[in-house]
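All remarks here apply to the structure that follows.
No lab work stands behind these numbers, since they all come straight from the coordinates. All values reported here derive from a predicted model rather than from experimental measurement. Glycine also receives a Cβ, built like all others from the backbone with ideal geometry; neighbour counts cover every protein chain displayed.
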Amino acid sequence: MSLAIGRRPFLFGMATAVLLVRGAAEGFAASGPMPRRMSAPGRFLGTSLRFDQLAKDSALRDAVLQDCDMVTPEVDLKWAAIQPARNRFNYRPVDELIAFSTDNRLRVHGHTLLWEQSIPDWARADLAQDEPDWDVVGGYFRAVLGRYSGAVDTWDVINEPIETSHRADGLRANSFLRAFGPDYIPRALREARAAAPRARLLLNEYSFEYGNPVDEARRNAMLRLLGKLRAADIPLDGLGMQAHLDLAKGPLATRALRRFMQNVADLGLDLYVTELDVRERNITLPVAKRDQLVADETKRYLAAVLDQPAVKGITTWGLSDRYSWLIPPRADAVNRGLPYNSDLQPKPMYFVLRDALANLQA
Ligand code: G3I
């Protein structure tokens, strides 16, 4: 089942050497590798991955082993990928990613159980029936959570439950809400706890970072939802903040973000940065300038979030621009909003992350 990928000690040494050479070549102060364990307040660094990319790209593998403590399957663990037909489960890519993680002592973050954009067609049809059967969800939870309990530490049980333009309570009117009402959220969390009693259960959501009215409404709606779930003693351990930063959205609302995180922490919940990357605004600028803008935004963001003790870790949504999901408007361009460029060379964003994490350990 496991790929013929080497064990950490060999790869770690190789990756360190490669990284130092790369850093020097780009003229950055590459004084040392990214710390593998952010031991200070127990923070981790993670990245999302697709197993097919990992399997064929040794430079990506080296970077993952060099830098990360945690991996998140970017696509393969979504419902549509893992249960394409009612009686057909496609576990192989996730099994392989978990084997790679186990071999190399990486933790695995489960992304994601319920997300409007990854419902298989057969389940979407079931959910749209007059009296949908909860067991469509329940059976899937029991199968997937049961299979991976012990291997997956944390789960995004519900991805993107908030959409403030849909309803007065700020909940997204997705297929689950239409089928079961707002109660789908506590039901899913209870179901997840029953199937994976030791896993940390999260909600995962985007757009909390900026000062515009939409982000503000989203912060408020999420706080209301979390408050209700906590008051009703629903099993929930934390909130994932996707953190798709965007240079077109103006300055980060760091004060509001800090307040929001403190409010979440006050509810007794952990926080996780789950999908960090930076969407560029102007791809016609010189590359060095673009990379600096991305790094500066990352630095401001990390300064705000890493101060908050409830933040347990940072996951970037990919490590290299080669695999960024962010496609700029020009076909021949790539968005440069991840730590490594398309040639797997570390960029200023990499060193910002490394230094922010190193400072925590000092
Ligand atoms: O692998 C198939 C390929 O066989 C097929 O030919 C091709 C045709 O479109 O599709 C390929 O699958 C694509 C897959 O990525 C792998 O590249 C899917 O169409 C595409 O929808 C999928 O996109 C992913 C998206 O979530 C939907 O699952 C992105 O890579 C992934 O970065 C994105 O991640 C989301 C998070 O889950 C939630 N937060 C936002 C984030 C970015 O959108």
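Starting from the Cα of Lys78, draw a straight line to each of the aspartates and glutamates and keep only those under 14 Å, dropping any in the same chain fewer than 8 residues away.
The qualifying aspartates and glutamates are Asp95, Glu116, Asp121, Asp156, Glu160.
Along its principal axes, what span do the Cα atoms of region 269-362 show, with the longest given first and each in whole Å?
Between the extreme Cα coordinates on each principal axis of region 269-362 lie 41, 24, 22 Å.
From the C-alpha gyration tensor of the chain, pull out the three semi-axes of the equivalent ellipsoid (sqrt of 5λ each), sorted largest to smallest, in whole Å.
Values: eigenvalues 209, 120, 73 Å².
Output for the chain: semi-axes of 32, 24, 19 Å.
Given H placed 1.01 Å from N in the peptide plane, which residues other than close sequence neighbours of Phe44 have an amide H under 5 Å from its amide H?
Long-range HN contacts for Phe44: Gly313, Ile314.
Quick one: which residues, 5 or more positions from Leu276 or on another chain, have an amide H under 5 Å from its amide H? H modelled 1.01 Å from N in the peptide plane, none for Pro or chain starts.
Thr315, Thr316, Trp317
Give the lysines reachable from Lys312 as a straight Cα distance under 21 Å; neighbours fewer than 8 places away on the same chain don't count.
Lys299
Where the eigenvalues come from the Cα gyration tensor of region 55-180, what are the semi-axes √(5λ) of the equivalent ellipsoid, largest first, in whole Å?
Equivalent-ellipsoid dimensions as semi-axes: 30, 17, 12 Å.
How large is the helix-only mean residue ellipticity at 222 nm for the chain, computed as the sum of -39500 (n - 2.57) over DSSP H runs with n ≥ 4, divided by its residue count, in deg cm²/dmol to the nearest 500?
-13000 deg cm²/dmol
Per residue of region 318-326, in order, report the coupling 6.51 cos²θ - 1.76 cosθ + 1.60 (Karplus, θ = phi - 60°) as ³J(HN,Hα) in whole Hz, putting x for Gly and Pro.
x, 9, 10, 4, 4, 10, 5, 6, 7
Quote the relative contact order of the chain in percent (integer), defining contacts as alpha-carbon pairs under 8 Å separated by 6+ residues. Could you put the intermediate results ahead of the total?
Numbers: 671 pairs, mean separation 59.7, N = 362.
Relative contact order here is 17 percent.
When only C-alpha pairs under 8 Å and at least 6 residues apart count, what is the relative contact order of region 241-311, in percent?
Working: 68 pairs, mean separation 32.8, N = 71.
Taking the mean separation of contacting Cα pairs over the length of region 241-311, I get 46 percent.
Taking amide H atoms as placed 1.01 Å from N in the peptide plane, list the residues 5 or more away in sequence, or in a different chain, whose amide H sits under 5 Å from that of Ser342.
Result for Ser342 returns Asp321, Arg322.
Could you give the size of the charge dipole of the chain about its Cα centre, using +1 on the Cβ of each K and R and -1 on the Cβ of each D and E, expressed in debye and rounded to the nearest 20?
640 debye
Would you be so kind as to identify which of Thr316, Leu353, Thr284 lies farthest towards the positive end of the dipole of region 258-355, taking Lys and Arg as +1 and Asp and Glu as -1 on Cβ and the Cα centre as origin?
Thr284
Taking K and R as +1 and D and E as -1, what net charge do the other residues with C-beta under 14 Å from the C-beta of Ala253 add up to?
It works out to a net charge of +2.
With an 8 Å cut-off on Cα pairs and a minimum separation of 6 or more residues, tell me the relative contact order of region 109-195 in percent. Before the final figure, lay out the partial values.
On the way: 91 pairs, mean separation 34.7, N = 87.
Relative contact order comes out at 40 percent.
Using only Cα atoms, locate the centre of region 107-174 and the centre of region 253-296, then give the distance between them in Å, rounded to an integer.
Region 107-174 and region 253-296 have Cα centres spaced 26 Å from each other.
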